[in-house]
Amino acid sequence: MQRFMSTKKMAEYLGYHPDYLRKNIGILFFEGEHFFKPPGTKSYRWDVQKMTEWITCKNISTTAQEILNKILA
């Protein structure tokens, strides 16, 4: 399996529409954790392992965890 996928392929893999992924950037998905934007491109490359962990609820992103910790503090 590939390490990274385009937005379209990742959406197909997860069973979501590509717009769902794009609309949740910065909300559910964070650059450097769930996806990367290669220099000189406008497209994203999604990390298959991180997105698989997300879809199976096995991992909360570190950014989301930090936000939760601040709210609960």
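List the longest stretch of the chain that has no exposed loop site; here a site is one of the trypsin sites (Lys or Arg not before Pro) assigned by DSSP to anything other than H, G, I, E or B, with at most 12 other Cβ within 10 Å. Free of exposed loop sites, the longest segment is 4-41.
Calculated FRET efficiency, LYS42 to HIS17, Cβ-Cβ distance, R0 = 25 Å: about 0.85 to the nearest 0.05. In loop segments of segment 1-60 as defined by DSSP, the GluC sites (Glu not before Pro) with at most 16 further C-beta atoms inside 10 Å of their C-beta are GLU33.
Each value in this text was obtained by applying a stated rule to the coordinates, not by laboratory testing. What you are looking at is a predicted structure, and each value in this text was computed from that prediction instead of being measured. Glycine gets a Cβ as well: all are built from the backbone with ideal geometry, and neighbour counts include every protein chain shown.
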